[in-house]
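The values are calculated or read from the model by the stated rules, or taken from the named source; none is laboratory data. Please read these numbers as outputs of a predicted model, since none were measured by experiment. A quick note on method: Cβ atoms are made from the backbone with ideal geometry, for glycine too, and the neighbour counts reach across all protein chains shown.
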Amino acid sequence: MSTHAQRERLLLADLLENAGPGAPTLCEGWTARDLAAHVVVRERRPDAAGGLLLKPLRARLDRVQQEFAAKPYEELIQLIRTGPPRSSPFALKQIDEVANSVEFYVHAEDVRRAQPDWTERTLDPVFADVLWKRLERAARVLGRKSPVGVVLRRPDGQTAVARRGTPVVTVTGEPGELTLFVFGRQSAAHVEFDGDKEAVEKLRSAKLGIDA
């Protein structure tokens, strides 16, 4: 039975392959090749991947990622499709599901929404609920550097606080769109705002997400 992470992995690989190595992405300064290298290094080079969270290791991460980006693009795509080696924690189904469902969803949209002819994807309700549950747990980490208070709201009325404070902006959208928003893809997310105009503008330009 395919997991959400496995489905998103294959979708990401297909999108990267179809876009081509030089295609733009929503990741500032990254082409599709750079994004593919990032995904591969994250799973296959734990000695360098620590730089994703720890600034002292960032230089090593950049160097290793550049080395992988220099590989044939088709090889990178195949490494994404086949997944990590058995020695990697990501090879465990449970860890893969927890660590990669959101990661691959966001990066798939990074590729899709950077193309001029992109079309919106309708998520199945089960996956939408998975994304919402992850948002509920991670919202305060992802929104911690917002300059204003932030409440995330699903159309059905469920809410999650991403940042306490005033003034408060309520951001309403489907779980997939809210996920993109708090991962720093505000300009690409289809959401609605309720709050002071100035506060909304500050939130639109805020550095949200893991690297904020």
Can you list residue pairs whose Cβ atoms sit under 8 Å apart, with the first residue in the stretch 121-143 being over 17 Å from L12 (Cβ atoms) and of a type outside the set (A, V, I, L, M) and the second being at pLDDT 95 or above and loosely packed, with under 15 Cβ neighbours inside 10 Å? Count only pairs 6 or more apart in sequence or on different chains.
W132/Q158
Filter the stretch 85-114 for residues that are surrounded by fewer than 18 Cβ atoms within 10 Å (Cβ to Cβ), assigned to a loop (DSSP other than H, G, I, E, B) and among the basic types (K, R) and give the result.
R86
Every residue in the stretch 15-31 that is among the small types (G, A, S) and over 23 Å from L208 (Cβ atoms), please.
A19, G20, G22, A23
Scanning the stretch 168-182 residue by residue, the ones that are of a type in the set (S, T, Y) and within 16 Å of D194 (Cα to Cα) total 2
Inside the stretch 158-210, can you point out the residues that are under 17 Å from A139 (Cα atoms) and basic (K, R)?
R163, R164, R185, R204, K207
So if I check each of A206, A138, which one is out of contact with any Leu (no Cβ under 6 Å at 6 or more places or on another chain) and within 28 Å of P84 (Cα to Cα)?
A138
Within the group T82, T31, which residue is among the polar types (S, T, N, Q), surrounded by 16 or more Cβ atoms within 10 Å (Cβ to Cβ) and without any contact (Cβ under 8 Å) to a residue 12 or more places away in the chain?
T31
Residue among S146, S101 that is in contact (Cβ under 8 Å) with a residue 60 or more places away in the chain, assigned by TED's automatic domain parsing to the domain that holds R9 and closer than 30 Å to T31 by Cα
S101
Where in the stretch 115-212 are there strands (runs of 3 or more DSSP E), lying wholly inside it, with at least 3 residues that are modelled with pLDDT of 95 or more and surrounded by 13 or more Cβ atoms within 10 Å (Cβ to Cβ)?
149-153, 159-163, 168-172
